[in-house]
Structure formats: C-alpha cells, structure tokens
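> Provided herewith is a single structure, encoded as structure tokens, for subsequent inquiry.
The values are calculated or read from the model by the stated rules, or taken from the named source; none is laboratory data. Nothing here was measured: the structure is a model prediction, and the numbers come from that model. Backbone-built Cβ (ideal geometry, glycine too); neighbour counts: all protein chains shown. Keep in mind that these areas ignore ligands, DNA and RNA; they rest on the heavy atoms of the full protein, side chains included. Shrake-Rupley method; radii C 1.70, N 1.55, O 1.52, S 1.80 Å.
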Protein chains: 2
Amino acid sequence: MDKSDALTAFAALSQPTRLDVFRLLITRGDAGMAAGEIARALEVRQNTLSANLSVLLTAGLVRNRREGRAIRYFANTDGVKGLLGFLLQDCCGGQPELCQPLIRDLTGSC
Amino acid sequence: MDKSDALTAFAALSQPTRLDVFRLLITRGDAGMAAGEIARALEVRQNTLSANLSVLLTAGLVRNRREGRAIRYFANTDGVKGLLGFLLQDCCGGQPELCQPLIRDLTGSC
DNA sequence: GATATAATTCAATAGTTCATGAAGTATGGA
DNA sequence: TCCATACTTCATGAACTATTGAATTATATC
C-alpha cells in the first residue's frame, strides 16, 4: 500500500453508491453478494453499478468471483487493513498509549 | 457520523496534498503544526494549503487553534474514530471473530 | 499609527469525475 | 443454434474540484 493506492481507495469511498456498496458487502462477510443483487438492493442501474464496482475493484476494496452467469462481490478486508495501516502510520507522535482508545473504539464495530 | 459526513471525509483524504497533511499531522500527535510549517514541509503554496486545510477542517479530520499570528493544526482522532466506525459498522457478517485480525493489524501502526 | 508576518478568501480557468444510453461479452438452457 | 440472463464497456455531456494570482483579514512589533 503506497500513497497512490491509498488515494485511489479514498477516492473510491468518496462516492455515495460506492460507499453504500462497500458497507453492504462489509455486513455480508464471506457470503458476499452478486452484482445484480447489489443493484436491486441499492436501486442502482446495472451499468452504473458495474462502473462503480470496477472502481472499488481497482482500489482493492472488493474482490469478485464468477458463479455461473452471476459475478459475486466481497469486501476485501486485506485492502482495508492496508489502507488504515497506511493512514495511521506512526500515529500519535510516537506515543502508542494515545492510540489505544482509537483502536479500542474500532473494535466496538464488530 | 452519518453517510454524508463519511463521504466528505473520504473525499478530503482522496487528494494528494490533503492526504500528506493528514498523515503528517497524525505523526505529530498533540504537538500539531502551524499552517506555514506544513506549507514549508510539503512545499505547497500558502493559499493552496489553506484551501486544503479548510477541506480537512470541514471534514472533521483536523482541528486548529490560533497561536499569535500562526494557526496550529492537529489531526482530530475523534473524527477518524467516527469515520472508521461508520465504515466498518456491522462488519464480517455478524461474526466478530473474523474482524479480530483486521483490528489487531491496525494496532501495529502505533 | 505604520509595517511586517501569517494565514484566508475570491474569481477564473483547467482538469477530473459521474451517470447514462447504446452496444458488446459471457454463460446457461431450450 | 437461438434466446434470455447477468454483467461490462464505451462515448458523451453535465457537474464538480483544484490551483492560481490578487486581494483581504488578523496579529505582532516598531
């Protein structure tokens, strides 16, 4: 994960449909969701969603796998790890104890 | 932190100078850095930096405080917490154990 | 008050991103 | 082979974003 990857990932997440898609896939975990299902769930046209999924793919935030006619998409947790690690690198002025509350709050999401 | 706040924050981080500024401030912790110091460190013009700092402020990713003629900027860890909490809400298909590695890797940044 | 320093605001222009309709590709079944 | 389903790609115009020079505001010092 370098700066250019991080920029691509943040740009990917700064668009309403893509943020919705990513958050939807995050809640799905390993089950993932087919492109068409996502389009129906979020009420987005197929070609618009396809363009947005390809942005998320390029950004490394989602993965996909063909299943017959459908293509199933998954949140890519490795991509998220890399992104957040890059963003918070060397944080808190070298005083790790300042970071602990930040990290602890995140665990509340799960 | 709602969806619109999150979009604003991700958009703020998807621009090279702003990502540099935020990461620089993250490494500074409570020491922060004056606008002029940041401009010199990153070799950005004062008005360009000012515009970018105001985007980061609006996004809740940095705070500032006037100190005489200078204005000192700080990374806003509460803003980051809110953002990441929103992004990862209800993650991993309701199986918290899948999230633990993600969270554990993040702690490595500190 | 006058001047210098630190930073912000403004208006204009150049560049980027987005959703869309239309067309194309891949897979599965009749 | 033909058709339907699932999804992607492409070109275009409309909307948004970034940087810049010039002007402005705020604070400190002389």
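> Skipping prolines and chain starts, which residues have an amide H placed within reach, meaning under 5 Å, of the one on residue B:34, given they are 5 or more residues away or on another chain?
B:73
> Taking θ as phi - 60°, what are the ³J(HN,Hα) couplings along the range A:61-77 by the Karplus curve (6.51, -1.76, 1.60), each to the nearest whole Hz, with x for Gly and Pro?
Calculated HN-Hα couplings, in order: 8, 9, 10, 9, 8, 6, 9, x, 7, 7, 10, 9, 10, 9, 5, 9, 5 Hz.
> How much length is gained if the chain between residue A:66 and residue A:34 is pulled fully straight, taking 0.36 nm per residue apart and subtracting their Cα-Cα distance, in nm to one decimal?
Working: separation 32, 0.36 × 32 = 11.52 nm, distance 0.90 nm.
Extra length from residue A:66 to residue A:34 when fully extended: 10.6 nm.
> Residue B:62's amide H: which non-local residues (gap 5+, or another chain) put their own amide H closer than 5 Å, with H modeled 1.01 Å from N in plane and none for Pro or chain starts?
B:57, B:76
> Then there is this: Given a 1.4 angstrom probe, I'd like the percentage of the accessible area of the range B:1-76 that is carbon and sulfur, rounded to a whole number. Don't jump to the answer; show the numbers that get you there.
On the way: 1680 of 3840 Å².
Roughly 44 percent, rounded to a whole number.
> Just flag the trypsin sites (Lys or Arg not before Pro) in the range A:1-61 sitting in loop per DSSP whose Cβ has no more than 14 other Cβ atoms within 10 Å. Each step should come with its number before you reach the end.
On the way: sites: A:3, A:18, A:23, A:28, A:40, A:45; in loops: A:45.
Here the trypsin sites (Lys or Arg not before Pro) that fit, given the DSSP loop and packing criteria, are A:45.
> Could you work out the mean count of beta carbons from other protein chains within 10 Å of each residue's beta carbon in A:9-19? Write down the numbers at each step before the final one.
Values: counts 3, 9, 5, 2, 9, 10, 4, 4, 0, 2, 6.
Partner Cβ neighbours, averaged per residue: 5.
> If you don't mind, another one. Dimensions of the range B:10-64 along principal axes (Cα, Å, largest first)?
For the range B:10-64, the Cα extents along the three principal axes come out at 24, 24, 17 Å.
> Provide the per residue accessible area, probe 1.4 Å, for the range B:1-56, rounded to a whole number of square angstrom. Spell out each step's value before the answer.
Details: 2590 Å² over 56 residues.
With all protein chains present, the range B:1-56 gives 46 Å² per residue.
> Just tell me how shielded A:30-37 is by partners: mean number of partner chain Cβ atoms within 10 Å of each residue's Cβ, no decimals. Numbers along the way, then the final one.
On the way: counts 4, 1, 1, 0, 0, 0, 0, 0.
Across the residues of A:30-37, the mean count of other-chain Cβ atoms within 10 Å is 1.
> Go ahead and run the numbers for FRET between residue A:50 and residue A:78, Cβ-Cβ distance against an R0 of 30 Å, rounding to 0.05. Please report the intermediate quantities before stating the final value.
Working: r = 23 Å, r/R0 = 0.77.
In this case the efficiency is close to 0.85.
> What are the ³J(HN,Hα) couplings of the range B:23-28, residue after residue, when phi is run through the Karplus curve with 6.51, -1.76, 1.60 and θ = phi - 60°? Round to Hz, x for glycine and proline.
Once θ is set to phi - 60°, the couplings for the range B:23-28 become 5, 5, 5, 4, 6, 7 Hz.
> Can you check what the net charge comes to around residue B:38, using other residues whose Cβ is under 12 Å from the Cβ of residue B:38 (Lys, Arg +1; Asp, Glu -1)? Provide the component values of the computation, followed by the final result.
On the way: positive: B:18, B:23, B:28, B:40, B:45, B:72; negative: B:20, B:37, B:43.
Counting the neighbours of residue B:38, the net charge comes to +3.
> Now a separate question. For the interface of A with B, what's the total buried accessible surface in square angstrom, probe 1.4 angstrom, rounded to the nearest hundred?
Numbers: alone 7320 and 7310 Å², together 10640 Å².
Summing both sides, the interface buries roughly 4000 Å².
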